[in-house]
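> First the structure, then my questions, so here it is.
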Amino acid sequence: MLNNLVKKAGSNFILEAGKLTGGFIKLEEENRQRTIDVYMLSARSFRYIINISVPKGYVVKGLDEFNIDKKNKTGAFSSTAKVNGDVLKIDINRSYAHNTEKVVDWPLLTE
């Protein structure tokens, strides 16, 4: 699951912090079309707070990629990232509003 969490790129290191939450299912093009409703165990929400110590001499870049806020009638996803002193703090919230979604709302769920 955490394979290649940190990658070396020249004199830089790339941390794929999104992998720390387990990630999302990646939908291939053939799975983007549905003909039946979506059934899940329950409406639910998840929150992840990730704190990563930044070693002295290193600078965090790319925080803007973590600042996301999406919401629709099927659920919501938001994340923020900021550096406070020598700690990178990432706060991720994901929620599913219902245990069943009509097939017509499948595109909203995949957002």
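> Which aspartates and glutamates, if any, have their Cα less than 15 Å from the Cα of residue 61, not counting same-chain residues under 8 positions apart?
Cα-Cα hits under 15 Å: 16, 86.
> Extending each Cα 7 Å along its Cβ direction at residue 6 and residue 48, get the distance between those two points in nm, one decimal.
Here the modelled spin labels are 1.8 nm apart.
> Among the GluC sites (Glu not before Pro) within region 6-73, which fall in a DSSP loop and have no more than 10 other Cβ atoms within 10 Å of their own Cβ?
28
> Of 7/73; 8/73; 8/56, which sit over 29 Å apart, Cα to Cα?
Over 29 Å Cα-Cα: 7/73; 8/73.
> Let me know the whole percent of all Cα-Cα pairs from region 1-40 that are separated by more than 13 Å.
Roughly 68 percent, rounded to a whole number.
> At 222 nm, what helix-only mean residue ellipticity would the chain give, in deg cm²/dmol to the nearest 500, using -39500 (n - 2.57) for each DSSP H run of four or more?
So the helix-based figure for the chain works out to -1000 deg cm²/dmol.
> Among the chymotrypsin sites (Phe, Trp or Tyr not before Pro) in region 1-55, which ones are in a DSSP loop with at most 12 other Cβ atoms within 10 Å of the Cβ? Mind listing them?
24
> May I pose another question? Over the chain, average the accessible area per residue using a 1.4 Å probe and give it in Å², no decimals.
Heavy-atom accessible area per residue stands at 76 Å².
> So which aspartates and glutamates pass the test for residue 19, namely a Cα distance under 16 Å, with those fewer than 8 places away in the same chain ruled out?
Output for residue 19: 65, 91.
> Counting pairwise Cα distances across the chain, what percent come out greater than 25 angstrom?
Above the 25 Å cut-off, the chain has 35 percent of its Cα pairs.
> Now for a separate question. Mind checking which aspartates and glutamates have their C-alpha under 13 Å from residue 70, skipping anything on the same chain fewer than 8 residues away?
111
> Sticking with this one: How large is ³J(HN,Hα), in whole Hz, for each residue of region 43-56 in order, when computed from phi with the Karplus curve 6.51 cos²θ - 1.76 cosθ + 1.60 and θ = phi - 60°, using x for Gly and Pro?
Whole-Hz 3J(HN,Hα) from phi for region 43-56: 5, 6, 9, 10, 9, 10, 10, 10, 10, 10, 6, 9, x, 4.
The values are calculated or read from the model by the stated rules, or taken from the named source; none is laboratory data. Being a predicted model, the structure only gives us computed values, none of them experimental. Note that we place each Cβ from the backbone using ideal geometry, even for glycine, and neighbour counts take in every protein chain shown. All accessible areas refer to the heavy atoms of the entire protein, side chains included, with ligands and DNA or RNA removed. Shrake-Rupley method; radii C 1.70, N 1.55, O 1.52, S 1.80 Å.
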